Amino acid sequence: MEKRFEVVIVGSGPAGLSAAGRAAELGLSHLLLESTTHLANTIQRYQKGKHVMAEPGFLPLRSSLPFDAGSREDILAAWLQNAKKLGIKVAWNADVTAITGQRGDFVLQTRSGKSVRANHVVLAIGLQGNPRKLGVPGEDQPFVQYQLDDPDEYLNEEIMVVGAGDSAIENAVALARQNKVSLINRRDEFARAKEGNLKQLEDAVERGRIKVFFNSSLRSIEAQSNGEHRAQVSLTTGEGDMQVPVDRIIARLGAIPPRDFVESCGIQFPSRAANAVPELTHQYESNVPGLYVIGALAGYPLIKQAMNQGYEVVEHILGRDIKPVDHGLLAKKFSGLPFGLDVEQTLDKIKKNVLCFGPVNSLRFRELILESDVHTPKAGEVIFSRNDYTNSFYSIVEGSVEIEIDEQTGKRVTVGEGQFFGEMGLISGRRRNATVYAGRYCVLVETPRRTMLRLLSSVDEVRRRIDQVFILRAIHSQFAPNSNLEDLADLVNSAELRQYAPGEVLFAEGESGDELHLVRRGSLTVSRYLHGREVVLSYVPAGKYVGEMGLLGNSRRTASVRAVVPTETVVMKSEPFLALLERDPKLKAQVQTQLQARLRANASMESSTEGGELLSFLMRQGLGEATDVLLIDESLCVRCDNCETACASTHGGTSRLNREAGPSYASIHVPTSCRHCEHPHCMKDCPPDAISRNASGEVVIADNCIGCGNCESNCPYGVIQMAPIGGSQPGLWSRVLFGAEHKKVKDKEAPKRAVKCDMCTNLKGGPACVRACPTGAAVRISPEQFIELVRED
Amino acid sequence: MHGSFLSHRGGFWFWFALTLVLASVVAYVWHEPIGLPNGGSWLGYTLGTIAALLIVWLTLFGVRKRAYYSRLGSVKGWLSAHVYLGGSLLVLGTLHSGFQFGMNIHTLAWLLMVLVIVSGFYGAWVYWRYPNRITRNRDGMTRDLIFREIADIDRKASLIVEGLGSPADRMVISAIQLFQVGGGAWQQLGGRDRSQMMIGVLKEKQKSWKRVSNSRQQRLLDELTGLLSRSTEPKEAALLQELIDLVSRKARLLKQLLNDIRLQGLMEIWLYCHIPLTLALLATLTAHIVSVFFYW
């Protein structure tokens, strides 16, 4: 009978290694399965000398292995040494392909055909996924690689690179410097590759350094013991079969996302969303009893969190009731609350009271509260003000708040216990549209944007509940602040949410239609066909509406409306809306006035086609999702670069804008500089959640940045750079008299952080670039001013 | 929403400077000094003091421009004031002299002041006119893009000539190797192109290679079109035509680039007069003031 381990851990990253370390320390029978031949593969693949940070700083480390901020090498060496000392048992090259069974009787199959039995399984495979293999005989030969660390390692070899993505092209080009390279593409073009890479490839092909086989695939790989080359590859090409001698094969076919594998183990995900994480209990146990999930796969991307979970999961398996490491943090968070309850009871109370958190499981709820702030404001205190740019989400645990929905009359509505507010800013990414005052004895939970977005994408029920209230409030505040909520029931119930991709048409000129769209996120352009061309007439940001003409009786659309960026609208039907207008003549007059204003603006745009061209140019540059953008009027710019120098001088020597780069149209130049998007792409995947938006709108990166570079690659506008920390700033006079410049850190391996435009938040006078422009060429404007700019020109 | 430094705040500094000029002219006409008008009268001292303070303040523009943390107005506002008040100095300083010129340090100070102001006027003019010219010439390209495209053309051309053989290959490759833009200030400002190439010449029935100018790629185009006109082989003709197209494109980019360098140079060159003259003026001004008080 083969041995059955008490606990088998899959994956030797920070989470798995820490779990194995604790198991070893406690003398538990354990086995750590690692698919490669070394520990912590993801960390191994960091670039040499990379400085790894230990975020979040407030969280203590709880692990049998050490971890502190430092270089990749130091961290890996410390882990390896401690793994040996603790006696962790590792099985190398153990790529798990299936996990079956349940608590007390799990069987794990590995790719090499071995099976391992276990009472408990801890899944800690991270999110990187395994490289996709070739899937042909010979795919596991030693000269077949799925990664390339150092292309200069190989010399005068016949190398075959397989794949059509950027990594395949980059590898092929790099290897071609001192080898003969062939590149195998299954299709007839490189559709996924970056332009720069394509150009390099084209070059190398023209020079005869790389031979590309299109419409080709491998059939088999046969090792050759005698002969000039190591192996013979059978290839099916568009022109028939052929044999190619090779010394090495590098396959870059992407990674298999781990989700399918995880689901094949029986673990359920709550939604199809790409960033959904499995449902887990307090003890990190999945819906399969005895199968635990920790680390990035469980939604905890930071090393320290993952290591803590590794430690805790082993304690949980042993049935020990240890308090989570965050217990003290929560206790401190709750210390100001008037409830007189302990941590667990307080958590229960919040969860019970706040309606929209009902469907959230307890582990995720704990995390949510840990990332949230708890407030007990005094009555009358302002929670946030109209036009603030904050985007956190508030829920009311006890008491109530008052929302001022009409600035002129000061009319307020009361929102009571269990309700929430702030969802508009969260969803639209724009300024707050009302001021909120605290009521008496109120207790609020403020949840950051990212935490809320993660929740919305993984728990459908929460999203549904929030959307429902969103529609009601949006309609109420936009059209009927004086009506009772009951009067709106018909309109609200018939309204629906619709999503549009960039460029998608909501409705076209000449169509008939009677729906009104209230933009809830993203933005739209309105355009018409004039003199045989489509001319953009206006830009509609979130919070505004289009299509009211159709509702007011003219059912033939007089213009086309198109989404600029991913856009979501609340669609209202004409009948209930007309009924509302009939009841409220004042509202009808107001809607008509607004319509007239728009028609007038359109008419004036129609008289200047150049303005329309400029507006559509700005939209093509992605400014439809901007909140504040730097533009340069080239008819005034003397190219002195004082804007860049000012930026560098006030920001540690690195300019966050590149004046010359970027496109121009009709003397308006869009330099490479942050436009502070409504829904910043950079925020999408920041492990320490270091990117946030200030109340005044700037998207900024905080000091807890770990330098991972995710934001740099997520930004579609290329405005984020990785810059070394430190350096020294010369004084004003040495700059004036001797032209001294900022001294940069020379050490190439010095820790780096992501830097971008922060709109000079910390400078009292405002953005240095604009203030330092001697000729008035540089301006910062918000999208609302585009029309103004376009008319001026 | 935005506008030039010349019209900053509705031309506030223009009107301010104009008022200052008119006021001093009126005072000068109205004033009846003992003897000829000169710097030693009460009006002379007043105008002199205002002018000296203005000069010091105008010089401080160089400091304000680099004081990126300063909240004392915007650099644009400063430049606007710098231009108009600097212009007014021409009148103030001259009235201060009472039109008494001679071969002395005082007149030198006045002369330097005039030169600084005139160079400044030129600067204001180029800052007003040149940005548009540069934009039009660039036509959506940046220098970096132009250089990259030229490199791309060179690469393609050198691949094509591999199939052509001598003498086309030697000419094309040498034209690439001896391609040169920029250079000294005169080359830059004159938009001159010092590129060269090698051509084959027959000398006493011996073939040798000679360097000739290839300004604006014209010589290379002449040689290649000559080869094409004599070519009898269709394949060779096709390659030559391809080369000619590439070189023509390069010539166009080159023209754009040289123009850009020239315009940018003209827009910046005046600072190389304006600043040193300012420093000389400050020194002379100090000498002027010291000597006046010393001999008093």
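Some observations on this one:
- Computed FRET value (nearest 0.05) for B:Ser215 with A:Lys84, which takes r as the C-beta separation and R₀ as 45 Å: 0.05
- From its DSSP helices (H runs of at least four residues, each -39,500 (n - 2.57)), chain A gives a residue-normalised ellipticity at 222 nm of -8500 deg cm²/dmol.
- Once the C-beta distance of A:Phe339 and A:Glu315 is scaled by a Förster radius of 25 Å, the resulting FRET efficiency is 0.30 to the nearest 0.05.
- Table column - 3J(HN,Hα) (Hz), the range A:491-506, Karplus curve with 6.51, -1.76, 1.60, x for Gly and Pro: 4, 5, 5, 8, 6, 9, 9, 10, 10, 10, 7, x, x, 5, 8, 7
- Farthest toward the positive end of the dipole of the range A:327-479, out of A:Val374, A:Ser457, A:Gly439, is the Cα of A:Ser457, where the dipole comes from beta carbon charges about the Cα centre.
- For the range B:6-78 and the range A:337-415, distance of Cα centres in Å: 60 Å
- Distance violations [Cα-Cα > 29 Å] among A:Lys332/A:Lys378; A:Lys744/B:Lys156; A:Lys351/A:Lys544; A:Lys211/B:Lys156; B:Lys156/B:Lys235; B:Lys205/B:Lys255: A:Lys744/B:Lys156; A:Lys351/A:Lys544; B:Lys205/B:Lys255
- Remark on A:Val90: its backbone amide H falls under 5 Å from those of A:Leu32, a criterion applied only to residues 5 or more positions apart or on other chains, H modelled at 1.01 Å from N.
- Sum of -39500 (n - 2.57) over DSSP H runs of 4+, divided by residues of chain B (222 nm, nearest 500): -24000 deg cm²/dmol
- Rounded to the nearest 20, the size of the Cβ-charge dipole of chain B about its Cα centre is 420 debye, with Lys and Arg at +1 and Asp and Glu at -1.
- Rounded to the nearest 0.05, the FRET efficiency derived from the C-beta distance between B:Gln180 and A:Asn387 at R0 = 51 Å is 0.35.
- For the options B:Gln188, B:Gln241, B:Gln217, a Gaussian network treatment of chain B with springs between C-alpha atoms closer than 10 Å singles out B:Gln241 as fluctuating the most.
- Once both labels are positioned 7 Å from their Cα atoms along Cα-to-Cβ, the gap between A:Leu599 and A:Asp373 label points is 4.8 nm.
- Here's the list of lysines a cross-link from A:Lys746 could span, going by alpha-carbon distance under 27 Å and ignoring same-chain residues fewer than 8 apart: A:Lys48, A:Lys50, A:Lys756.
- Solvent-accessible area buried by B and A, counting both chains, probe 1.4 angstrom, square angstrom: 3300 Å²
- The trypsin sites (Lys or Arg not before Pro) found in the range A:107-151 include none that occupy coil by DSSP while having at most 10 further C-beta atoms within 10 Å.
- For A:Gly126, residues with placed amide H under 5 Å, excluding near neighbours: A:Ala296, A:Leu297
- Look at the stretch A:639-646: the mean tally of other chain Cβ atoms within 10 Å of its residues' Cβ atoms is 3.
- Around the Cα centre of the range A:492-607, unit charges on the Cβ atoms of Lys, Arg, Asp and Glu (plus for the first two, minus for the last two) sum to a dipole of about 300 debye.
- Across chain B, the longest piece that holds none of the GluC sites (Glu not before Pro) lying in DSSP loops with up to 12 other C-beta atoms within 10 Å covers B:1-161.
- Percent of Cα-Cα distances greater than 14 Å, calculated over the range A:83-145: 70 percent
- Total charge dipole magnitude, chain A, about the Cα centre, Cβ charges on Lys, Arg, Asp, Glu only, Debye to nearest 20: 980 debye
- Between 0 and 90°, nearest 10: helix A:609-620 axis offset from chain A longest Cα axis: 30 degrees
- Loop-located GluC sites (Glu not before Pro) in the range A:499-598 (DSSP state not H, G, I, E or B) with no more than 16 neighbouring Cβ atoms inside 10 Å: A:Glu504, A:Glu509, A:Glu511.
- Beta bridges by DSSP in the protein assembly as shown, antiparallel share as percent, to the nearest 5: 75 percent
- The range A:83-149 and the range A:720-793: distance between their alpha carbon centers, rounded to Å: 49 Å
- Sequence-ordered 3J(HN,Hα) estimates for the range B:20-36 from the Karplus curve with 6.51, -1.76 and 1.60 and θ = phi - 60° stand at 4, 4, 4, 4, 6, 5, 4, 4, 5, 5, 6, 5, 10, x, 6, x, 6 Hz, glycine and proline given as x.
- For the range B:66-71, 3J(HN,Hα) computed residue by residue from phi via the Karplus equation (6.51, -1.76, 1.60; θ = phi - 60°) reads 9, 8, 6, 8, 4, 10 Hz, glycine and proline entered as x.
- Cleavage-rule hits, trypsin sites (Lys or Arg not before Pro), the range A:245-319, DSSP coil, Cβ neighbours within 10 Å at most 11: A:Arg272
- DSSP-defined beta bridges in the range A:327-479 - what % are antiparallel, rounded to 5: 100 percent
- Across the range A:619-792 the C-alpha pair distances fall into 10 Å bins from zero in the proportions 9, 37, 37, 15, 2 percent.
- Bridging of A:Lys133 to lysines at a Cα separation below 20 Å is possible for A:Lys114, once same-chain residues fewer than 8 apart are set aside.
- Largest-first ordering by accessible area, 1.4 Å probe, given options A:Val374, A:Val52: A:Val374, A:Val52
- Accessible heavy-atom area order of A:His676, A:His282, highest first, probe of 1.4 Å: A:His282, A:His676
- B:Leu178 contributes about 40 Å² of solvent-accessible surface, heavy atoms of the protein only, 1.4 Å probe.
- Taking amide H as placed 1.01 Å from N in the peptide plane, the amide H of A:Val540 sits under 5 Å from that of A:Leu524, A:Thr525, A:Val526, each at least 5 places away or on another chain.
- Segments A:173-179, B:95-101 sorted - mean Cβ within 10 Å per residue, highest first: A:173-179, B:95-101
- Extreme residue, positive dipole direction of the range A:144-255, given options A:Phe214, A:Ile250, A:Gln200 (C-beta unit charges): A:Phe214
- Reachable aspartates and glutamates, given that their alpha-carbon falls under 15 Å from the alpha-carbon of A:Lys752 and they are not under 8 places away in the same chain: A:Glu55, A:Asp703, A:Glu712
- Averaging the Cα positions of each part gives two centres, and for the range A:578-606 and the range A:672-692 these lie 37 Å apart.
- 1.4 Å probe accessible area per residue over the protein assembly as shown, in Å²: 47 Å²
- Heavy-atom accessible surface of the range A:372-454: percent carbon and sulfur, 1.4 Å: 42 percent
- Given charges at Cβ of Lys, Arg, Asp, Glu: the range B:174-296 dipole, positive-most of B:Ile176, B:Thr225, B:Thr284: B:Thr225
- Accessible area of A:Arg209 (1.4 Å probe, protein heavy atoms only, ligands and nucleic acids ignored): about 120 Å².
The values are calculated or read from the model by the stated rules, or taken from the named source; none is laboratory data. Keep in mind it's a predicted model, so treat the numbers as computed, not measured. With ideal geometry, Cβ positions are generated from the backbone for all residues, glycine too; neighbour counts draw on all protein chains shown. Accessible surface areas use protein heavy atoms only, side chains included; no ligands, DNA or RNA. Shrake-Rupley method; radii C 1.70, N 1.55, O 1.52, S 1.80 Å.
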